[in-house]
Amino acid sequence: MELYEQHPEMAHTFIDTHTHLYDEAFAGEEDSAVERAVAAGVTTMIVPDIDSATREAMFSFTDRHPGVTFPCLGLHPTEVGKDWKEELSGMEKFMDRKIWAIGEIGMDLYWSEEFVKEQQEVFRIQLEMAARMDLPVIIHSRESTKIILDILSECRHLALRGVMHAYSGSIESYRELEKVGDWYVGIGGVLTYKKAKIAETVRDIPLDRILLETDSPYLTPVPFRGKRNESSYIPYIAEKLAAIKGIDIEEVAEVTSGNAVKLFRL
């Protein structure tokens with residue numbers, strides 16, 4: 001691609017801190033998607049968990065790409081329902097696996113408010129799990145910023161660290177987030193969209209608090225918006241972030257990758 005031809009130095013410099021390349025959207029193409037990412041300089045990928053229905057596929061995928069893909073363990077808030085206790089207990093048999101974070105976890109009131117209380121309890125339980133295991137957390141927050149911040153404030157004694165995935169909040173929300181732990185924000189394809197509010201907010205967020213992510217197969221950056229997202233598109237997000245910050249893409253690569261290495265202890 002033209003971007004990579006213009007920036008050959010980008011190879012081996014990027015980390016995608018949130019990708020679901022094991023998703024059914026990649027059925028039969030998971031391995032080639034990894035190859036494309038590595039060729040684009042995205043040689044490390046953090047792979048969040050969703051629930052029991054996809055967990056085996058996730059670990060099978062990451063087992064095929066050791067040293068490149070790094071699995072996590074967690075129950076996604078949209079999958080919290082009447083069977084949430086069974087879902088959590090089902091995670092126990094994977095506790096002997098090497099994982100790099102608890103996630104993705106959190107709150108989602110966009111799709112449904114039916115299990116709000118259950119989502120909060122599951123979130124707290126998994127935050128405590130992360131603290132016990134000395135692991136970072138990957139937080140999904142949609143239409144739930146205040147609840148998330150309140151819970152994190154209540155859990156400050158756990159000395160948590162992690163990333164607010166797909167961050168879309170205001171700079172004021174970021175300032176509140178700073179007060180409740182050691183937190184980074186995940187910035188992805190939305191940054192490249194016209195009129196995206198995060199493009200203004202990110203100007204005031206220090207680069208040493210930013211992680212790059214795709215959330216593939218979702219939130220595809222320009223110029224591929226409307227198509228399936230994948231980890232190889234990270235450089236397009238980095239290029240936009242560099243333009244907004246008025247810095248070189250090399251600095252974006254170096255600092256954001258360093259942030260990821262530090263947070264996930266890669």
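Laboratory data are not the source of any read-out in this text; all were calculated from the coordinates shown. Just so it is clear, the structure is predicted and the values come from calculations on it, not from any experiment. Counting neighbours? That spans all protein chains shown, and the Cβs are built from the backbone with ideal geometry, glycine included.
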Checklist entry - Dividing the alpha-carbon Rg of segment 1-144 by 2.2 N^0.38 Å yields what? => result 1.13
Next on the checklist: Angle check, please: helix 52-63 long axis (alpha carbons) against the longest principal axis of the chain (alpha carbons), in degrees 0 to 90, nearest 10.
Outcome noted: 40 degrees
Checklist outcome for this item: Between the Cα axis of helix 249-264 and the main Cα principal axis of the chain, the angle (0 to 90°, nearest 10) is 20 degrees
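About its Cα centre, what dipole magnitude does segment 96-207 give when the only charges are +1 on Lys and Arg Cβ and -1 on Asp and Glu Cβ, stated in debye to the nearest 20? Could you put the intermediate results ahead of the total?
Working: 15 positive and 18 negative charges, 82 e Å.
Around 400 debye, computed over segment 96-207.
Quote to one decimal, in nm, the extra length available between residue 96 and residue 153 on full extension: 0.36 nm per residue of separation minus the C-alpha distance between them. Walk me through the intermediate numbers first.
Working: separation 57, 0.36 × 57 = 20.52 nm, distance 3.01 nm.
Additional length available on full extension: 17.5 nm.
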Item to check | 3J(HN,Hα) from dihedral phi, segment 89-101, Karplus parametrisation 6.51/-1.76/1.60, rounded to Hz, x for glycine, proline | outcome: 5, x, 6, 4, 6, 9, 5, 8, 7, 6, 10, 10, 6
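Give me the dipole magnitude in Debye, nearest 20, for segment 198-266 about the Cα centre, with unit charges on the beta carbon: positive for Lys and Arg, negative for Asp and Glu. Don't skip to the answer; put the middle values down first.
Details: 9 positive and 11 negative charges, 54 e Å.
So the magnitude is around 260 debye.
Where nothing but the Cβ of Lys and Arg (+1) and of Asp and Glu (-1) is charged, how large is the charge dipole of the chain around its Cα centre, in debye to the nearest 20?
Details: 29 positive and 46 negative charges, 108 e Å.
Rounded to the nearest 20 debye, it is 520 debye.
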Next on the checklist: Given the DSSP H assignment, sum -39500 (n - 2.57) over each helix run of at least 4 residues in the chain and divide by its residue total; what's the result at 222 nm in deg cm²/dmol, nearest 500?
Outcome noted: -11000 deg cm²/dmol
Item to check | Cα-only Debye scattering, segment 211-266: base-10 log of I(q)/I(0) at q = 0.14, 0.18, 0.23, 0.30 Å⁻¹ | outcome: -0.40, -0.63, -0.91, -1.12
Checklist entry - So how tilted is helix 30-39 from the main axis of the chain? Cα-based, degrees 0 to 90, rounded to 10. => result 50 degrees
Item to check | GNM top mover of 76, 165, 157 - the chain, alpha-carbon springs below 10 Å | outcome: 157
Item to check | Prolate/oblate/rounded call for segment 69-113, Cα gyration tensor, a/c under 1.5 rounded | outcome: oblate
Checklist entry - Want the number for residue 218 to residue 262: 0.36 nm per residue separation, take away the alpha-carbon distance, what's left? => result 13.3 nm
